[in-house]
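Everything below concerns the one structure shown next.
The values are calculated or read from the model by the stated rules, or taken from the named source; none is laboratory data. This one's a predicted model, so the numbers in the text were calculated from it and none came from an experiment. Positions of Cβ are generated from backbone atoms using ideal geometry, with glycine treated the same way; all protein chains shown enter the neighbour counts. These accessible areas exclude ligands, DNA and RNA; they are computed on the full protein's heavy atoms, side chains included. Shrake-Rupley method; radii C 1.70, N 1.55, O 1.52, S 1.80 Å.
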Amino acid sequence: MLEIRGHARGGQGMVTAFEILAKMFSHLGDFQVQAFPAFGVERTGAPIQAFLRVAKKEILNRSNIYHPHLIAIFDESLLDMVPVFDGLKDQGAVLINTEKPRSAFDLPGKTIYTIPATRISLENGLGSKSLPIVNAAMIGAIGYLFEADLDVLQETIRGNVPSKPQANAKAAVTAYNSVLGEALPNPYLHDRLHNPGDEETGAYQYSEQTEPIIGIDAPFWAMPLSKNKTGNWRVVTPRYVDRRPPCNHNCPAGTDVRRFVKLAGEKKFAEAFETLYEHNPFPGVCGRVCPHFCEQQCNRNDFDESVNIGAIERFLGDQALNYPVLPSPVTQPEKIAVIGSGPAGLTAALRLCEKGYEVTVFEALPQAGGMMRSGIPKFRLPDAVLDLEIKRIEQKGVKIETKRRVSIGELSSRFSTVITAVGSHIGARLLLDGEDELSLDGITFLREFKLSGNEAGIAKGDRIAIIGGGNTAVDVARTALRLGAEAVIYYRRTMAEMPAIAQEVEEALAEGVQIRFLTAPAGLKKNSQGQIELSLIDMELGEPDSSGRRKPIPVEGSESTVIVQKVIKAIGQRFDEYAFDGMALKPRQGRIEYAGETPVFCAGDMAWGGTVTEAIGSGNKVAEEVHALLQGLQYHPEEILPDIVLPKDINFAYYMPIPKHRGVSKHPKDLHGNFEELSLGLRETDIHAESIRCLHCGDCYNCGNCFNFCPDAAIHLDEDGRLRIDYDYCKGCGICAEECPCNAIEFTLTEIAS
Amino acid sequence: MKTEAPTHSQSILKGNFATAEAARLCRVGFIPAYPITPQTTIVERLSDMVSKGEMDATYVNMDSEHSAFAAAMGAALAGERVFTATAGQGLFYAHEVLHAIAHFRLPIVIANVGRPSIPWNIWSDQSDSLAQRDTGWIQFYGESSQEVLDTVIQSYLLAEQLNIPVMVVLDAFYQSHTSENVWVPDQDLVDEFLPPKKPGPMSIDMENPKAFGGLVPPEHYNKLNYTFWRDAIQVEERAEQIAADYARMFGREYHNVEAINIGPQTRLVLVTVSSITTTARGVIRKYPDVGLLKIRLFKPFPKASVQEALRELPKDAIIAPVERNFLGDREGALFQEMQRALYGAPYRMYDFYAGAGGKDVPPETIEKIIHIARNNPQDVNWVDIA
Amino acid sequence: MKPANEFLIKDEQVFSGALSCRGCGWSLLVRHLASLLGPDTVYVLPASCFSIISGPYPLSELKANVVHTLFAAAPATATGIRAALDRQGKKDTIVAVLAGDGGTFDIGLQALSGAAARGENILYIVNNNGAYMNTGIQTSTATPYGAITTTNPGVGYKKTWPKDLMGIIAAHNLPYAATCSLAFLEDFRKKVKRARDTEGFRLLMIDGPCPPGHKTEPGDSIFIARLAVETRLYPLFEIERQHYKLSYKPGSFVPVDECLKHQGRFKHLFKEENKMLLEDIQSHTDDNWNKLLAMEKLAHVLGEF
């Protein structure tokens, strides 16, 4: 007689497998068979046993199998939990569902066969996400050990599985051909089945019962059920994780947006400011002028509207007025020069100052701030905000020397390292005849107006044509409007392609700026009245170009002409090459090749980007790189894995729709001469209300769902108030992960598939 | 069986009323009830006494016998002394609860007024209670109203000592509705005999919460049965002891079995339970060589007491059980149990089906049985069915 | 709905280690229930999955007294316990029955009706998972129309509507009865508290998730329970002396398919030839919802709530 014992988990189909094997053996030959489970409380995932006897003659034993010839392990993870090998006969064999080599199992003297039954089953689509049903593959493998006829084996499976007969038969055949182990026939198993000889009998020895018979006087149940460790039912394990939210992922400055918003929601404004400041020394500026990539990708957009992160940032920045700044002591010998006091230069300077370097910033203009100072009109960014944030940097220890237009060559002897971050302050050209005399450069106009009040001769009632679609174009138009002019923007693409911040465009339109889309200048000349005749041509959009935007193509015969007093072009900017001492260099982020021994780095608009926040990010990165170089360390830019929380990962059932708090704006009837900031931001109460709209993507915020919904009382708060999963009891149902609102619990198949 | 007893008062009571009096005297606290003929006057009387404040108990009109017994089980677990009564179909309907009560080891006492199953018959028959032989309950069969009253009182003591429930069975109408002389003991005397119920191991204790009756895996279940068996085999001796104590205090003597005229002179022994016994007592006075063995404790069957009662019976004597039951088998319940108790003994035994479904068993029938047993007995004999 | 933003169970009244399947409703239901009823409670259990879940000898899940009783007899056993406790002056001790749908809708209905009609001071909890799950998913009279069970397999899916237990129980003029969902934990807990603090016979019916029985992913238990409420397949309401009040009115119409499609026991309904069945279920669900709205209106007319 052959005796086989199987070990599996409830739900893997072992009991069915043993029934099918019994039928298979009876079809294969004149065998008496007996298959039965160890009757018990079978719960999905719980360890279970089944038994199979096959004999050439009548089977005279109906008890459990204690000394099997073959042990079949359906689930490898049981090896550590259940004494699966107990009682195996001396010459017996084991069959294990595993991907491991046979040498991984320490069973001296026993024959080991392995079969990757889980993989085979998953490949054949057998089983659910949480539990692969491996029975067909195991039938195939056991069939192989006894060299069963494959047709009989397949036929028996097809006729007896509750569903998917073809897939089950296929899995069995694959398994039949995938068993690893000693060559067949295995003489011991073969003999037990075919030539059993004398039955082995148990070595029973009578012994007098000497101990008293123990009874149960009263059938009551008074021990804690926690002695029953259900953790060994688990196949998939949930884990708390910290996943990257799209706001953080999309902030060019690298800001931990989620964290500062969370802290703001807890009214910990100082702490929130510190978090923000770690990556962004210009929160007041960015809160006003950043296009907020964080908000654009906010997962809440898929629910109602994004969190007004900009308003929170602005509030935190403005709050900083009250916070003291502790100067950073100089602890490093190296002196560092930064050319340019824009967001990139000042950020890099601040970071290096914080690390103990002596840093000097050289600014060509009379005031520090770069494009923040010269390119952004006051009604968007009041000087006081910028002044305050620059002052904090100076208080930290950064020296700023203004009116110092310097080149690298002038500095290299005095400084260990030079960072150039001169920005892009030279306007691009239209390449049209008469351009230089008949048009103004937008960025120059903004700078001169802001720093010296030069209105460029714009008079009330003038008609001004602005060429371009970026923020400079819009800022020029809004400034012209405030000088009393009629401002018309001509843009060669459509609203959708406008690089300007959408909100700013909206505001401009609301103020009365006009925009003509799909129109480009074709020529300009002065007419007899001294007015400018601007020729225009209509455009249509073709295939996307290298920028990913659809390329505008002129429409033949669509030329028209407008009469204007001024044409201001704002079609892009480039950097001032003065710093490079006349060398033709293509700036890029980080260290650049430069003649001489002094290392030279590039950052900011001249290197990449085009917004304040990108420049800040650039400054942060260059500071890291400089520091690494000076300390002789390897510089590894932080690698950002694309594993970010997406809207599909959020359980929106747990969020209430709350309208976005938009903040108050002033709407003066007449803008003429009014350069006051219009947006007033959010009040403190609204800041709190807005902050708690955050979904906390990928970040446990102790909402209690996992604890409240755990059916197994397997989630606890530890002494520090942090959530912990008690793996002694967690059965791996996955409810915690499913009901986690913000995807801070990982629950994946990887561990069973491997 | 009258005894001078200054601590008693004499009444003329129907068996059912005597049963109710016994429950009152035992100070039962909870009575779940469901009516069935011929038990009804027991619960009516109890309900009446509770509503008049003559006894301090909670009486609940349940929705079935199944529910009544299940309620009894709950209250007993929660520590109350519980009583209920039923008959025939009611007992059959409660069958699964009887098992539960016994295996929960709850000391509940009930009265059953014996009657058979459908087709409808409401008259005297012991098939209902005998069909519950294997539920784990102790069974007493009473001969008179007096004996039922006394046995109920003794049963609470026995049940509460061994944590095994007791069923006291009386015959329909011949006892339940028969008014006769009954000595009702004073409350003080009963109180002295039967102390207030103490919490047992199977009692709900709010301070030490436990679960009762859940899943018992195979490796534990046999241990549970072993302990029950160890207590069940004490019943015979313990019941005899309690009856002796009772006799000393109350002046009325009972035994597990009673031997009348069984000695070296006896050639034939009739075996009876309940009311037939009384009639047989009268008949055998005419027959000096006929004895009578009355079985009072039926379950667990008092093997040692039976053997002791027949100690002096000559080896060639005949034993003739008189059955008022039919269990679908060749022999009736009395015959089966007597054979079991006398395995290996030399006596010839012939079974007599005589009184099922309330068929009257007058002295003539007893005499007919004596005649057949002596002259031309079959192994199994049906009397009076021609 | 919003997350509770708090840890609802302050004092865990169960031990871990319950023998429930993954994603079982029983364990979660009892965790919350027990935390609200506290240790001064006697639980009465007829046969059900929970008989097994709560621990094999000698282990016990609950930190309170538990009495296992016969399938048909829980309200009766509870009656006896209640009477005994009352006699002992323990009027504040709660007697709570934990039953499944089979033990309630079918074999236990007589005892339930008896205890309800007597006005026993008992809290009756029915975990309705719509079949005899403990014995392997056989049909009960609570099994939904269209569902497949092992005694209504394949084309033999259940072709009758489940009993209106709440209607039956309402007819007993109870002081309090309500339906609850584990996906609406705060509503559930509120109802448990109300039931706990009401005297007389109270009944709470919980929509019980059962992954093996419903053929669902264990992790989806709450998700599907929530859909059952949102699709109005399982409306949440309270009944006080036959006066109905809806506890939650879904904000928008969600077709029943949304809930049914996640459950393997309804898989066949999504075959083209069974389209009519889905329509039947939708219209029955709509009728039931409208009936409840009308009952609620009636309660207003009668001037209570």
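How about the stretch B:164-207: which of its residues are of a type in the set (Gly, Ala, Ser), farther than 23 Å from B:Ala102 by Cβ and either open to solvent by 50 Å² or more (accessible area, probe 1.4 Å) or in contact with an Asp or Glu (Cβ under 9 Å, 6 or more places away or on another chain) (or both)? Show your work before the answer.
So in the stretch B:164-207, the residues of a type in the set (Gly, Ala, Ser) come out as B:172, B:176, B:179, B:200, B:203.
Next, from what is left, pick out any that are farther than 23 Å from B:Ala102 by Cβ: B:172, B:176, B:179.
Once the filter is applied, which keeps residues that are of a type in the set (Gly, Ala, Ser), farther than 23 Å from B:Ala102 by Cβ and either open to solvent by 50 Å² or more (accessible area, probe 1.4 Å) or in contact with an Asp or Glu (Cβ under 9 Å, 6 or more places away or on another chain) (or both), the stretch B:164-207 yields B:Ala172, B:Ser179.
Is at least one residue of the stretch A:621-629 under 30 Å from A:Glu334 (Cβ atoms) and without any contact (Cβ under 8 Å) to a residue 12 or more places away in the chain?
Pass one, the stretch A:621-629, residues under 30 Å from A:Glu334 (Cβ atoms): A:621-629.
Subset that is without any contact (Cβ under 8 Å) to a residue 12 or more places away in the chain: A:628.
Scanning the stretch A:621-629 turns up at least one residue that is under 30 Å from A:Glu334 (Cβ atoms) and without any contact (Cβ under 8 Å) to a residue 12 or more places away in the chain.
Scan the stretch A:99-125 for residues that are free of Cβ contacts under 8 Å to residues at least 60 places away in the same chain, crowded, with 22+ Cβ neighbours inside 10 Å and outside any helix (DSSP H, G or I) and report the count.
Of the residues in that region, 1 qualify.
Got at least one residue in the stretch B:66-83 being open to solvent by 10 Å² or more (accessible area, probe 1.4 Å), within 28 Å of B:Asp188 (Cα to Cα) and of a type outside the set (Asp, Glu)?
yes
For (1) of a type in the set (A, V, I, L, M, F, W, C); (2) open to solvent by less than 10 Å² (accessible area, probe 1.4 Å); (3) free of Cβ contacts under 8 Å to residues at least 12 places away in the same chain, each residue gets a yes or a no:
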site	(1), (2), (3)
A:Leu671	yes, no, no
A:Ser679	no, no, no
A:Thr685	no, no, yes
A:Arg693	no, yes, no
A:Tyr701	no, no, no
A:Phe709	yes, yes, no
A:His716	no, no, yes
A:Tyr727	no, no, no
A:Gly732	no, yes, no
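Pairs only if they're at least six apart or on different chains, beta carbon under 9 angstrom, first in the stretch C:250-264 and farther than 13 Å from C:Leu277 by Cα, second in a loop (DSSP other than H, G, I, E, B) and among the hydrophobic types (A, V, I, L, M, F, W, C); list them, first residue then second.
Cβ pairs passing all conditions: C:Cys259/C:Leu233; C:Gln263/C:Ala147; C:Gly264/C:Ile148.
Across the stretch C:225-281, what is the number of residues that are outside any loop (DSSP other than H, G, I, E, B) and β-branched (Val, Ile, Thr)?
Filtering the stretch C:225-281 for residues outside any loop (DSSP other than H, G, I, E, B) gives C:225-230, C:237-240, C:243-246, C:257-260, C:264-270, C:272-281.
Then keep just the ones that are β-branched (Val, Ile, Thr); that gives C:229, C:239, C:281.
Count: 3.
Counting only residues that are among the aliphatic types (A, V, I, L, M) and under 21 Å from the mean Cα position of the chain (by Cα), give me the strands (runs of 3 or more DSSP E) lying completely in the stretch B:1-96 with at least 1 of them.
Values: elements: B:8-14, B:30-33, B:58-61, B:83-87.
Qualifying strands (runs of 3 or more DSSP E): B:8-14, B:30-33, B:83-87.
For the condition at pLDDT below 95 and hydroxyl-bearing (Ser, Thr, Tyr), what is the one hit in B:Tyr246, B:Tyr221, B:Tyr287?
Answer to the check: B:Tyr221.
Grab the helices (runs of 4 or more DSSP H) fully contained in the stretch B:216-299, keeping just those with 1 or more residues being within 19 Å of B:Pro165 (Cβ to Cβ), under 16 Å from the mean Cα position of the chain (by Cα) and more than 14 Å from every other protein chain (Cβ to nearest Cβ).
Values: elements: B:218-232, B:235-250, B:275-284.
Those helices (runs of 4 or more DSSP H) span B:235-250.
In the list A:Arg380, A:Arg314, A:Arg300, A:Arg351, which residue meets the criterion of being assigned to a helix (DSSP H, G or I), in the same structural domain as A:Gly409 (by TED's automatic domain parsing) and of a type in the set (D, E, K, R)?
Residue meeting the stated conditions: A:Arg351.
Can you pull out the helices (runs of 4 or more DSSP H) entirely within the stretch A:403-471 that have at least 2 residues that are over 14 Å from A:Ala579 (Cα atoms), more than 38 Å from the chain's Cα centre (by Cα) and not assigned by TED's automatic domain parsing to the domain that holds A:Gly609? Steps first, answer last, please.
Details: elements: A:408-411, A:435-438, A:442-452.
Per the criteria, A:435-438, A:442-452.
Just to be sure before I move on: is C:Leu204 of a type in the set (A, V, I, L, M, F, W, C), open to solvent by 20 Å² or more (accessible area, probe 1.4 Å) and closer than 30 Å to C:Ala34 by Cα in the structure I sent? Steps first, please.
Working: of a type in the set (A, V, I, L, M, F, W, C): yes; open to solvent by 20 Å² or more (accessible area, probe 1.4 Å): no; closer than 30 Å to C:Ala34 by Cα: yes.
Considered against the rule, which asks whether it is of a type in the set (A, V, I, L, M, F, W, C), open to solvent by 20 Å² or more (accessible area, probe 1.4 Å) and closer than 30 Å to C:Ala34 by Cα, C:Leu204 comes out as no.
For the stretch C:94-119, which positions are buried (at least 23 other Cβ atoms within 10 Å of the Cβ) and in a loop (DSSP other than H, G, I, E, B)?
Hits for the stretch C:94-119 are C:Asp101, C:Gly108.
Cβ-Cβ below 6 Å, separation at least six or inter-chain, first residue in the stretch A:8-29 and in the same structural domain as A:Leu79 (by TED's automatic domain parsing) and on the phi > 0 side of the Ramachandran plot, second surrounded by 24 or more Cβ atoms within 10 Å (Cβ to Cβ) and in a helix (DSSP H, G or I): which pairs?
So the pair list comes out as A:Gly13/A:Asn135.
Restricting the search to the stretch B:94-106, which residues are open to solvent by 10 Å² or more (accessible area, probe 1.4 Å) and more than 10 Å from chain C (Cβ to nearest Cβ)?
Let us first name the residues in the stretch B:94-106 that are open to solvent by 10 Å² or more (accessible area, probe 1.4 Å), namely B:95-96, B:99-100, B:103-105.
B:His95, B:His103, B:Arg105, listed by residue number.
Can you name the residue in the stretch A:739-750 that is over 14 Å from A:Ile715 (Cβ atoms) and either touching a Lys or Arg at 6+ places or on another chain (Cβ under 6 Å) or open to solvent by less than 70 Å² (accessible area, probe 1.4 Å) (or both) and, of all such residues, is modelled with the lowest pLDDT? Write out each step before concluding.
From the stretch A:739-750, those over 14 Å from A:Ile715 (Cβ atoms) are A:741-743, A:746, A:748-750; that's our starting set.
Subset that is either touching a Lys or Arg at 6+ places or on another chain (Cβ under 6 Å) or open to solvent by less than 70 Å² (accessible area, probe 1.4 Å) (or both): A:741-743, A:746, A:748-749.
On the way: A:Pro741: 96, A:Cys742: 95, A:Asn743: 95, A:Glu746: 93, A:Thr748: 80, A:Leu749: 60.
Filtering the stretch A:739-750 for residues that are over 14 Å from A:Ile715 (Cβ atoms) and either touching a Lys or Arg at 6+ places or on another chain (Cβ under 6 Å) or open to solvent by less than 70 Å² (accessible area, probe 1.4 Å) (or both), the one modelled with the lowest pLDDT comes out as A:Leu749.
Out of everything in the stretch B:317-357 that is within 16 Å of B:Thr278 (Cβ to Cβ) and of a type in the set (Gly, Ala, Ser), what residue ends up being farthest from the chain's Cα centre (by Cα)?
Once the filter is applied, the top-ranked residue is B:Ala354.
Which is at pLDDT 90 or above and open to solvent by less than 10 Å² (accessible area, probe 1.4 Å), of A:Phe31, A:Phe18, A:Phe36, A:Phe85? If you could, list the steps in order and put the result at the bottom.
Working: A:Phe31 fails: open to solvent by less than 10 Å² (accessible area, probe 1.4 Å); A:Phe36 fails: open to solvent by less than 10 Å² (accessible area, probe 1.4 Å); A:Phe85 fails: open to solvent by less than 10 Å² (accessible area, probe 1.4 Å).
Testing whether each residue is at pLDDT 90 or above and open to solvent by less than 10 Å² (accessible area, probe 1.4 Å) leaves just A:Phe18.
Among the numbered criteria (1) in contact (Cβ under 8 Å) with a residue 12 or more places away in the chain; (2) assigned to a helix (DSSP H, G or I); (3) among the charged types (D, E, K, R), which one does A:Glu147 miss?
A:Glu147 satisfies every listed condition except (2).
Step by step: first the residues of the stretch C:222-267, then only those that are open to solvent by less than 60 Å² (accessible area, probe 1.4 Å) and of a type in the set (Asp, Glu), then the one that is farthest from A:Glu739 (Cα to Cα). Which residue is that?
By that ranking, first place goes to C:Glu240.
Among the residues of the stretch A:88-98, is there at least one that is within 14 Å of chain C (Cβ to nearest Cβ), aliphatic (A, V, I, L, M) and open to solvent by 10 Å² or more (accessible area, probe 1.4 Å)?
no
For the stretch C:36-82, how many residues meet the condition of being within 7 Å of another protein chain (Cβ to nearest Cβ), in a loop (DSSP other than H, G, I, E, B) and hydroxyl-bearing (Ser, Thr, Tyr)?
Looking only at that region, the number is 3.
Would you be able to tell me the number of residues in the stretch A:702-725 that are closer than 15 Å to A:Lys229 by Cα and facing chain C (nearest Cβ under 7 Å)? First the steps, then the outcome.
Quick first cut of the stretch A:702-725, residues closer than 15 Å to A:Lys229 by Cα only: A:711-715, A:725.
In the following step, the residues that additionally are facing chain C (nearest Cβ under 7 Å) were identified as A:711-714.
Selection size over the stretch A:702-725: 4.
For the stretch A:174-194, what are the residues that are out of contact with any Phe, Trp or Tyr (no Cβ under 9 Å at 6 or more places or on another chain) and aliphatic (A, V, I, L, M)?
Result: A:Ala183, single match.
If a residue must be in a loop (DSSP other than H, G, I, E, B) and at pLDDT 90 or above, how many such residues does the stretch A:636-661 contain? Quick ask: steps written out before the conclusion?
Filtering the stretch A:636-661 for residues in a loop (DSSP other than H, G, I, E, B) gives A:636-643, A:645-646, A:650-651, A:655-661.
Right, trim to at pLDDT 90 or above and you get A:645-646, A:650-651, A:655-661.
Of the residues in that region, 11 qualify.
Using beta carbons and a limit of 6 Å, which pairs, at least six apart or on different chains, have the first residue in the stretch B:186-208 and within 12 Å of chain A (Cβ to nearest Cβ) and in contact (Cβ under 8 Å) with a residue 60 or more places away in the chain and the second one crowded, with 17+ Cβ neighbours inside 10 Å and part of a helix (DSSP H, G or I)?
B:Ile204/B:Leu77
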